[in-house]
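Report on the structure given below.
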Amino acid sequence: MPGRIVTTELLSCSYREGRVLEDISVQVERGDYVGIVGPNGSGKSTLIKALLGLVAISSGSAKLFGTPLADFREWHKIGYLPQSLHLVNPVFPSTVHETVGLGLLSTKRFPKRLNLSDHETINKTLEELGILDLEHKLIGELSGGQLQRVLLARAIVNNPELLVLDEPTAALDPETRDRFYTMIADINRSRGVTVLLVTHDSGAIGEHASKMLYLDKKVLFYGSFDQFCCSPEMSSLFGEHSQHLMCHRH
Amino acid sequence: MNLLEILSYGFIQRALLAGVLIALLCSVLGVFLVLRRLSLIGDGLAHVTFGSTAIALALKMYSAMSLLVSMPIVLLASLGILKLTEKGRLSGDAAIGLVSALGISAGVILASVGGGYNVDLLSYLFGNILAIRSEEVVIAALLCVGVMLLVTLYYHELFAISFSDELAQVSGIRTSYINAILVLLTALSVVLAMKLVGIMLISALLIAPAASALQLARGFKVCILLAALQGCSSVIIGIIISIMANLPASATIVMVNLLFFAAACITRRILYPKNCN
C-alpha cells in the first residue's frame, strides 16, 4: 500500500547552544528503509526525536502518516527503539514479559488493560525474536544483546507501520550487531514496515538500507543508495575507504 | 500488658487502622517515586506540610481541620515542584530542595511569630499516631480508597512513565498529566502520613518499603505488592513494639522498616548471589 509515512518541510530545531537542525525537507515512503548517518552532533537523533514529538520544532513542519505532528494521535502505528543503555534502569523490577507489554499500551484506551490475547501477542513476538526463554527474567539480568532484542520486541509488539531506531547497536559486539541488523531488515521486508535507522555503522547501512540520509545539521544527501554510490559528492563526505566499503557491501 | 489487652484499646485500634491505610498509600506510591528518582519528594512536601500546619495553627484550626489548610497548599507545592522540573530547567532534587526550603522557613517564621503554638507544631515534627482521632481515620480511609482507585486505573501509565518517560510519550501517554497525578497523590499521602510518623520521617515510609521490594521482587506488580506488605506490617509491628517497650511510635515504625530493608538485602544475597556484585 503506497503512502507517505514521514514528511518534513524546512524543519529546524534549536537548543540553547544554537541550531541543531536547519531546513530539513525529506519524505519517507511506505516500505522505505532509511539509514540516517552523519558525524557526532550532526542532529541525527534530534531529527528523529523531533519527528516523534520528543524535541520541539523551532520552525518548519513535520507530518506523520499525512497528519501534522501536533494533531497526530495514532501512536500505535509507531515503534520506537532508543539507545537502550541510556534508557534502562538496571534495578527496574519488571520482567521481560511485562516490559514488552508496555509496547501495547498505544493500542489501548483508558483504562488501559492487557487481556489474554495481548499476552499471547507478547509471547508470539518474543518467540519470533527467539527470546521466549527470557520471558520471566528481570530486564536488569539481561546481556546487552538480549536487552536490545527485548526492546525491539517492545517496539514491534504493536505491529507498527513505522519503526524508528536510534543507534540501537551502540553497545553491542560485532556478531550481535550483525544479527540485529539482519532482524531489522527481515522486519522491513516481511512485514513491509518502514524503518528509520540512526547509526554510525555505515556497513550496515550499505548492506540493508534502501535510502540514505546524510545529515550535518542540514541535509547533505538524501536519496536511494544507488544514487548515493554514483554521486561524486560521496567520497568527499565519507572518504574513499568508507565509500568503497559501503557501496561494495550494497 | 499482653497483646490482646493492647489491641482492646480504642486509640490503638484507630492507630493501627489509620497507620495501615497510610502506609499502604505511601508504600505503593513510593515504588513509582523511587523508580522515577523522586524519592525525596516526600521530604520536600513534608516540609511544606510543616509550613502549612503552622498557618493552620495560627488560624486556630487543629487536627482534622488543619488538613483543610494543609492539603491545598501541599497539592499546589507538589505541582510547583513538577513545573519547576519541567519548565524551570531544574533537576527534580533541586526543585524539591527549593520548595522544601520555602515550606520549612515559612513554618519556622510563623512558629516564631505565633509563639504560643510552638508545642503543637513540634508534635507534627515527629508524629503522634496514638493520638489519631476517629474523623482522621475516616479521612484516611476515604483518601486511601480514592488514591488506590486512581493508582489501579492508571497502573499501566504509571508503570510506563516509571520505565521511561520518552518511550511512554511515544506510546501516546500524556506523561505530564500522569506525572501530575503521581505527585498530587503523593502530596495527599504525605499530609496524612505527617500524623503517623511526623514530618522528619515521612520519606522513610515512602522510600524504605520500595527499596526493600526492589531487592527481592521479580516483576513490577510483585514489587508493588511486596512494598505494600512491608509498609503495612511495619506499622503494625512498630506500633505494638512501641507500646510494649514504651518507645516513640514514629521512630519505631521507621526502624522496623529499616530492619526489613536490611533483611531484604541479606535475602537477596542468599537467593540471587550472581546479581549482588
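The values are calculated or read from the model by the stated rules, or taken from the named source; none is laboratory data. Note that the structure is predicted; figures quoted are calculated from it, not measured. Reconstructed Cβ throughout: ideal geometry from the backbone, glycine too, with neighbour counts over all protein chains shown.
A few remarks follow.
- Residues located in the range A:149-181, provided they are out of contact with any strand residue (DSSP E or B) (no Cβ under 7 Å at 6 or more places or on another chain) and either among the charged types (D, E, K, R) or over 16 Å from A:GLN83 (Cα atoms) (or both): A:ARG149, A:ARG154, A:VAL157, A:ASN159, A:ASP173, A:PRO174, A:GLU175, A:ARG177, A:ASP178, A:ARG179
- The residues of the range A:20-41 that are under 22 Å from A:ARG189 (Cα atoms) and either in contact with a helix residue (DSSP H, G or I) (Cβ under 8 Å, 6 or more places away or on another chain) or without any contact (Cβ under 8 Å) to a residue 12 or more places away in the chain (or both), listed by number, are A:GLY31, A:TYR33, A:GLY35, A:ILE36, A:VAL37.
- Selection status of A:TYR15, surrounded by fewer than 17 Cβ atoms within 10 Å (Cβ to Cβ) and closer than 23 Å to A:GLN83 by Cα: yes
- Which listed residue is surrounded by 23 or more Cβ atoms within 10 Å (Cβ to Cβ) and of a type in the set (Lys, Arg), from A:ARG154, A:ARG191: A:ARG154
- The set of residues in the range A:88-98 that are crowded, with 18+ Cβ neighbours inside 10 Å and at the interface with another protein chain (Cβ under 7 Å from one of its Cβ atoms) comprises A:PHE92, A:PRO93, A:SER94, A:THR95, A:GLU98.
- Residues within the range A:62-84 that are touching a residue at least 24 places away in the same chain (Cβ under 8 Å) and in a loop (DSSP other than H, G, I, E, B), tallied: 4
- The combined condition, being more than 14 Å from every other protein chain (Cβ to nearest Cβ) and either more than 20 Å from the chain's Cα centre (by Cα) or not in a helix (DSSP H, G or I) (or both), is fulfilled by B:LEU247.
- Residue match in the range B:221-243 (condition: in a loop (DSSP other than H, G, I, E, B), surrounded by 16 or more Cβ atoms within 10 Å (Cβ to Cβ) and hydrophobic (A, V, I, L, M, F, W, C)): no
- For the range A:109-141, the candidate set comprises residues that are assigned to a loop (DSSP other than H, G, I, E, B), touching a residue at least 40 places away in the same chain (Cβ under 8 Å) and within 13 Å of chain B (Cβ to nearest Cβ); within that set, the residue that is surrounded by the fewest Cβ atoms within 10 Å (Cβ to Cβ) is A:HIS136.
- When the helices (runs of 4 or more DSSP H) confined to the range B:1-67 are screened for residues that are free of Cβ contacts under 8 Å to residues at least 12 places away in the same chain, more than 27 Å from B:GLY219 (Cα to Cα) and out of contact with any Asp or Glu (no Cβ under 8 Å at 6 or more places or on another chain), those reaching at least 1 such residues are found at B:3-8, B:10-35.
- Here A:ILE131 does not fit the description of being among the β-branched types (Val, Ile, Thr) and closer than 20 Å to B:ALA168 by Cβ.
- For the range B:159-217, the candidate set comprises residues that are of a type in the set (D, E, K, R) and within 11 Å of chain A (Cβ to nearest Cβ); within that set, the residue that is farthest from B:ALA15 (Cα to Cα) is B:GLU166.
- Filter result for the condition that a residue is within 14 Å of chain B (Cβ to nearest Cβ), touching a residue at least 60 places away in the same chain (Cβ under 8 Å) and in contact with a His (Cβ under 9 Å, 6 or more places away or on another chain), over A:ASN188, A:ASN158: A:ASN158
- Pick from the range B:143-154, criterion surrounded by 18 or more Cβ atoms within 10 Å (Cβ to Cβ) and assigned to a helix (DSSP H, G or I), ranking: nearest to the other protein chains (Cβ to nearest Cβ): B:VAL151
- Looking across the range B:61-74, just one residue is at pLDDT 90 or above and either of a type in the set (Phe, Trp, Tyr) or surrounded by fewer than 16 Cβ atoms within 10 Å (Cβ to Cβ) (or both), and that is B:PRO72.
- Scope the range B:75-115; condition in contact with a helix residue (DSSP H, G or I) (Cβ under 7 Å, 6 or more places away or on another chain), part of a helix (DSSP H, G or I) and modelled with pLDDT under 85; matching residues: B:THR85, B:GLU86, B:GLY92, B:GLY107, B:LEU110, B:ALA111, B:GLY114
- Which listed residue, of A:VAL37, A:VAL20, A:VAL96, is under 15 Å from the mean Cα position of the chain (by Cα) and among the β-branched types (Val, Ile, Thr): A:VAL37
One line per residue, one yes/no per condition, for (1) part of a strand (DSSP E or B); (2) within 12 Å of chain B (Cβ to nearest Cβ):
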{"residue": "A:GLU22", "(1), (2)": "yes, no"}
{"residue": "A:SER25", "(1), (2)": "yes, no"}
{"residue": "A:GLY31", "(1), (2)": "no, no"}
{"residue": "A:GLY35", "(1), (2)": "yes, no"}
{"residue": "A:LYS49", "(1), (2)": "no, yes"}
{"residue": "A:GLY53", "(1), (2)": "no, yes"}
{"residue": "A:ILE57", "(1), (2)": "no, no"}
{"residue": "A:GLY60", "(1), (2)": "yes, no"}
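- Test result for B:SER234, away from chain A (no Cβ under 14 Å), farther than 19 Å from B:GLY146 by Cβ and at pLDDT 95 or above: yes
- Exactly one residue out of A:ILE187, A:ILE139 is farther than 17 Å from A:TYR33 by Cβ and out of contact with any Asp or Glu (no Cβ under 8 Å at 6 or more places or on another chain), and it is A:ILE139.
- Lone qualifier among A:ASP71, A:ASP32 - being among the charged types (D, E, K, R) and either in contact with a Phe, Trp or Tyr (Cβ under 7 Å, 6 or more places away or on another chain) or surrounded by 15 or more Cβ atoms within 10 Å (Cβ to Cβ) (or both): A:ASP32
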